[in-house]
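Here is the structure we will look at.
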There are 2 protein chains.
Amino acid sequence: MSAPLTVEEDELALLTDLYQLTMTQAYWREEMNARATFSLFFRRLPAERRFMLACGQQHAAERLSRLRFGERAIAWLAETGRFDTAFLDWLANWRFEGDIWTLPEGTPVFANEPLLEVDAPIAQAQLLESLVMNLVQLETVLASKAVRLVMAARGRPVVDFGLRRMHGIDAAVRGVRAYRTAGLAGTSNVLGGLRHDLPLNGTMAHSYILAHDSEREAFRAFARHMPDTTLLVDTHDTLTGVREVIDLLHEEPDLRVGAVRLDSGRLEELAPAARRLLDDAGLGDVKIIASSGLDEHAIDALLKADVPIDAFGVGTQMGASTDAPVIDLSYKLVEYAGRPRVKHSPGKANLPGRKQVYRHFDAAGYFVGDTIAGRDERLADGTPLLVRSVAQGQPDPEVMALADSARERVAQARQSLPESLTRLTPGDEAYPVALSKALAARR
Amino acid sequence: MSAPLTVEEDELALLTDLYQLTMTQAYWREEMNARATFSLFFRRLPAERRFMLACGQQHAAERLSRLRFGERAIAWLAETGRFDTAFLDWLANWRFEGDIWTLPEGTPVFANEPLLEVDAPIAQAQLLESLVMNLVQLETVLASKAVRLVMAARGRPVVDFGLRRMHGIDAAVRGVRAYRTAGLAGTSNVLGGLRHDLPLNGTMAHSYILAHDSEREAFRAFARHMPDTTLLVDTHDTLTGVREVIDLLHEEPDLRVGAVRLDSGRLEELAPAARRLLDDAGLGDVKIIASSGLDEHAIDALLKADVPIDAFGVGTQMGASTDAPVIDLSYKLVEYAGRPRVKHSPGKANLPGRKQVYRHFDAAGYFVGDTIAGRDERLADGTPLLVRSVAQGQPDPEVMALADSARERVAQARQSLPESLTRLTPGDEAYPVALSKALAARR
């Protein structure tokens with residue numbers, strides 16, 4: 001009964017929708033191998049987002065450029081009985097040899113702007129569709145949620161406690177990369193933090209308190225083992241728990257406690273009361289960490305009311321981006337054999353041809369608007385955003401290096417957003433995204 | 001820059017919250033090794049759910065019984081500088097030797113009922129927390145959404161098209177197992193379907209149409225390659241597309257087309273119009289498949305209006321369970337060293353002690369209510385639900401076999417739900433869940 005929990009490298013090419021393979025077989029039979037461009041974009045922002053942070057697209061481009069149908073994958077496909085042997089032989093030698101243009105990791109992005117474009121023979125570009133969408137959606141959705149928590153916290157640390165609420169293993173591990181890009185200060189997730197270079201944070205659970213004979217004994221044991229730790233004070237009653245910490249530190253002045261964590265109840269009353277108790281006891285350096293089903297709206301309200309909280313731990317709402325858990329990405333053919341292509345389905349039309357996005361800044365460095373143009377247009381104004389991450393099947397190391405500076409780029413972008421984009425409430429997208437004259441005419 | 005996309009078996013033990021490891025080190029130092037029971041449950045149903053399908057807990061129990069801290073994991077932990085060498089030596093030899101009680105895969109479950117209970121020395125039971133929650137949440141959330149689509153479709157096939165909207169690789173692959181349990185008829189997801197034994201389905205994408213010189217040529221080429229295929233008719237105009245199919249089949253009577261797929265527009269008008277066109281052309285056996293941002297409410301409304309749709313493809317809403325993307329699972333210490341334990345945090349209290357859940361049926365076989373009791377109570381009435389999936393660290397093959405019949409069990413349960421639980425609208429949980437007298441008294 002035991003299916004593996006892991007997906008091996010040589011199975012990854014099978015993580016696709018069946019029609020990608022049947023269409024590819026059709027292209028192969030029809031000998032259709034002209035160059036195509038597919039564009040990855042979304043048609044509208046979720047109501048609860050004023051921008052998205054494009055994340056995952058450079059990493060996906062790098063990984064997809066190495067995609068192979070290994071022996072095991074070919075054997076499984078053969079078993080389905082849906083594919084010609086000659087096609088499977090061709091698939092075993094399939095290589096991606098095209099270009100992939102992407103936004104740099106962590107770029108704020110708006111409706112109809114490509115996050116990624118693939119230029120390749122159609123049977124190469126088509127086969128990337130399902131996996132690139134799966135990979136990019138996850139990191140984009142999670143980073144776009146996380147950056148709102150960072151903005152709400154106004155410089156106070158926000159720490160990821162979301163592993164248990166995230167959708168499975170891959171979400172939990174790659175999610176930490178998205179959180180790092182978005183500006184989180186740390187994570188409780190050991191594998192995620194180690195792999196993606198975000199500091200590990202941890203406190204204690206209620207079970208530890210309950211396994212001891214008293215809260216005092218639990219605090220004493222844990223603080224002895226872990227200097228500067230955080231003690232969880234709400235197992236029985238929050239302010240009683242704070243008093244237990246104070247009494248413990250008076251009993252054993254050599255113990256050092258870094259913070260207390262409040263995980264339930266009315267934080268707007270409990271945090272000030274806890275702060276007063278600690279300050280009155282001469283423990284002004286013991287910080288207060290809050291972690292009770294928080295989202296960006298709760299953090300914003302607490303800080304607007306000057307509630308004395310020094311750091312926030314967030315899990316449930318951020319881990320699955322519950323208010324906007326999906327972004328309706330499309331991966332659409334926009335050019336084939338040198339000719340722009342569009343579909344006309346109601347509400348699902350798209351912009352023809354290869355593209356570039358230009359971002360315009362005012363004198364103070366704030367974003368003031370974007371222009372979507374043809375890839376080969378040269379606009380007099382604005383900074384082109386899309387970069388060629390993969391050229392002729394090979395990742396470009398210099399361009400890929402942009403992924404390493406994603407966190408710094410997002411920190412910079414947070415300072416450059418117009419005020420309307422920094423609001424946490426739903427609202428019409430005020431940010432202007434225009435089409436170049438040439439693109440508007442082509443449409 | 002290239003982090004792996006996969007999580008290796010020997011890294012899995014690191015997919016945990018840091019505090020599990022620091023608390024375990026504390027237990028180890030304190031020589032606290034008495035037996036503990038942890039209970040996995042949720043305190044309330046999401047507003048949009050009348051029951052949850054407990055899924056993933058038997059698979060998680062089996063996998064967690066084999067968890068090890070391999071060399072790589074120990075080396076990474078050593079690098080953090082947070083752990084004693086002697087503790088890491090102990091961790092390298094850590095084995096789970098306890099019992100894990102679970103609901104069988106696919107059991108309808110309600111608030112406060114354990115999906116899983118772990119009985120083990122505290123340092124073994126504590127270490128499972130984060131991963132068991134991550135694993136069980138995903139499958140439970142996805143199956144609980146998917147079964148609503150199955151119920152709405154009243155016996156018509158529902159097919160998973162969600163790979164691109166699911167949260168990463170693991171969600172996409174294990175999600176198919178949850179969908180299989182919930183009763184979906186097929187999936188477009190090749191790896192998920194192959195690994196978890198759900199039939200593969202696939203149609204065609206708009207890109208295929210657009211890459212050809214005309215819709216007719218695209219239909220012709222695809223239908224020649226794939227007898228009985230499904231043709232996507234809405235790239236330009238749905239009813240024009242249907243007429244193209246009809247004309248093609250009149251031109252080439254030897255071609256066989258299984259269905260047309262409608263992916264946009266007003267299905268309540270387009271599907272009847274398409275049906276009439278096909279029927280009038282003598283193509284009554286060509287089916288209509290709909291796939292346009294559908295959820296259970298849309299499917300229910302279409303079928304209540306007798307709109308002639310034969311099968312549904314669903315992706316976005318089901319893939320991330322957008323209306324209820326998380327379930328607030330708790331994994332709580334309920335007993336330690338033979339004594340029941342509870343915490344009292346406001347809104348977060350729990351039931352003390354090891355438990356069993358009894359389900360009561362009426363004469364016609366419908367569920368009429370549950371009783372949560374102590375594990376060792378023997379109630380005169382009702383069927384006990386929790387089974388011992390892992391005994392003394394070893395999965396019990398007979399009990400684990402229940403996982404293989406999960407799909408059949410859910411199909412049966414769908415026929416046994418009281419009418420209030422079959423409604424798709426939000427509503428107060430009408431299903432009665434009582435506490436046994438002994439448990440009520442203990443609390």
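The values are calculated or read from the model by the stated rules, or taken from the named source; none is laboratory data. Computed from a prediction, not measured in an experiment: that's the story for all the values here. Note that we place each Cβ from the backbone using ideal geometry, even for glycine, and neighbour counts take in every protein chain shown. Only protein heavy atoms, including side chains, enter the accessible area calculation; ligands, DNA and RNA are left aside. Shrake-Rupley method; radii C 1.70, N 1.55, O 1.52, S 1.80 Å.
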Legend entry - Single residue of segment B:326-350 satisfying the filter (in a loop (DSSP other than H, G, I, E, B) and more than 7 Å from chain A (Cβ to nearest Cβ)) that is modelled with the lowest pLDDT: B:Ala349
Inset, instruction - State yes or no: is B:Glu398 within 20 Å of B:Pro432 (Cβ to Cβ) and either out of contact with any His (no Cβ under 8 Å at 6 or more places or on another chain) or part of a loop (DSSP other than H, G, I, E, B) (or both)? - result: no
Inset, instruction - Would you check if B:His360 is part of a loop (DSSP other than H, G, I, E, B), surrounded by fewer than 23 Cβ atoms within 10 Å (Cβ to Cβ) and of a type outside the set (Gly, Ala, Ser)? - result: no
Inset, instruction - Identify the residue in segment B:28-50 that is crowded, with 24+ Cβ neighbours inside 10 Å and touching a helix residue (DSSP H, G or I) at 6+ places or on another chain (Cβ under 7 Å) and, among all such residues, is farthest from A:Val190 (Cα to Cα). - result: B:Arg50
Inset, instruction - Return only the number of the condition from (1) open to solvent by 10 Å² or more (accessible area, probe 1.4 Å); (2) of a type outside the set (Asp, Glu); (3) at negative phi that B:Tyr331 does not satisfy. - result: (1)
Inset, instruction - With a cut-off of at least 2 residues that are among the charged types (D, E, K, R) and open to solvent by 10 Å² or more (accessible area, probe 1.4 Å), name the helices (runs of 4 or more DSSP H) lying wholly within segment B:152-236. - result: B:168-182, B:215-225
Inset, instruction - Check A:Asp254, A:Asp285, A:Asp280, A:Asp237 and return the single one that is free of Cβ contacts under 8 Å to residues at least 24 places away in the same chain, out of contact with any strand residue (DSSP E or B) (no Cβ under 8 Å at 6 or more places or on another chain) and closer than 24 Å to A:Ser188 by Cα. - result: A:Asp285
Inset, instruction - Only one of these is aliphatic (A, V, I, L, M) and touching a residue at least 24 places away in the same chain (Cβ under 8 Å): B:Ala221, B:Ala211, B:Ala153. Name it. - result: B:Ala153
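Would you confirm whether or not segment B:408-424 contains a residue that is closer than 30 Å to B:Gln124 by Cβ and either at pLDDT 95 or above or charged (D, E, K, R) (or both)?
yes
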Inset, instruction - Pull up segment B:19-37, narrow it to residues that are under 30 Å from the mean Cα position of the chain (by Cα) and in contact (Cβ under 8 Å) with a residue 24 or more places away in the chain, then point me to the one that is farthest from the other protein chains (Cβ to nearest Cβ). - result: B:Thr37
Inset, instruction - Please enumerate the residues belonging to segment A:180-206 that are in contact (Cβ under 8 Å) with a residue 60 or more places away in the chain and more than 8 Å from chain B (Cβ to nearest Cβ). - result: A:Arg180, A:Thr181, A:Ala182, A:Gly183, A:Ala185
Inset, instruction - Sort through B:Val307, B:Val334, B:Val326 and tell me the only one that's more than 25 Å from the chain's Cα centre (by Cα) and either under 30 Å from A:Gln317 (Cβ atoms) or not assigned by TED's automatic domain parsing to the domain that holds B:Arg275 (or both). - result: B:Val334
Inset, instruction - Test A:Ala441 against the stated conditions and say whether it is small (Gly, Ala, Ser), open to solvent by 50 Å² or more (accessible area, probe 1.4 Å) and not assigned by TED's automatic domain parsing to the domain that holds A:Gly98. - result: yes
Legend entry - The lone exception for B:Met400 - which of (1) within 9 Å of chain A (Cβ to nearest Cβ); (2) open to solvent by 20 Å² or more (accessible area, probe 1.4 Å) it fails: (2)
Inset, instruction - Collect the residues in segment A:399-422 that are in contact (Cβ under 8 Å) with a residue 60 or more places away in the chain and acidic (Asp, Glu), keeping them in residue-number order. - result: none
Legend entry - Sole residue being within 18 Å of the chain's Cα centre (by Cα) and in the same structural domain as A:Arg339 (by TED's automatic domain parsing), chosen from A:Ala54, A:Ala73, A:Ala92: A:Ala54
Inset, instruction - Working only within segment A:58-88, note down all residues that are within 20 Å of A:Gly393 (Cβ to Cβ) and not polar (S, T, N, Q). - result: A:His59, A:Ala60, A:Ala61, A:Glu62, A:Arg63, A:Leu64, A:Arg66, A:Leu67, A:Arg68, A:Phe69, A:Gly70, A:Ala73
Inset, instruction - Tally the residues that are part of a helix (DSSP H, G or I), open to solvent by 20 Å² or more (accessible area, probe 1.4 Å) and more than 8 Å from every other protein chain (Cβ to nearest Cβ), restricting the search to segment B:294-316. - result: 5
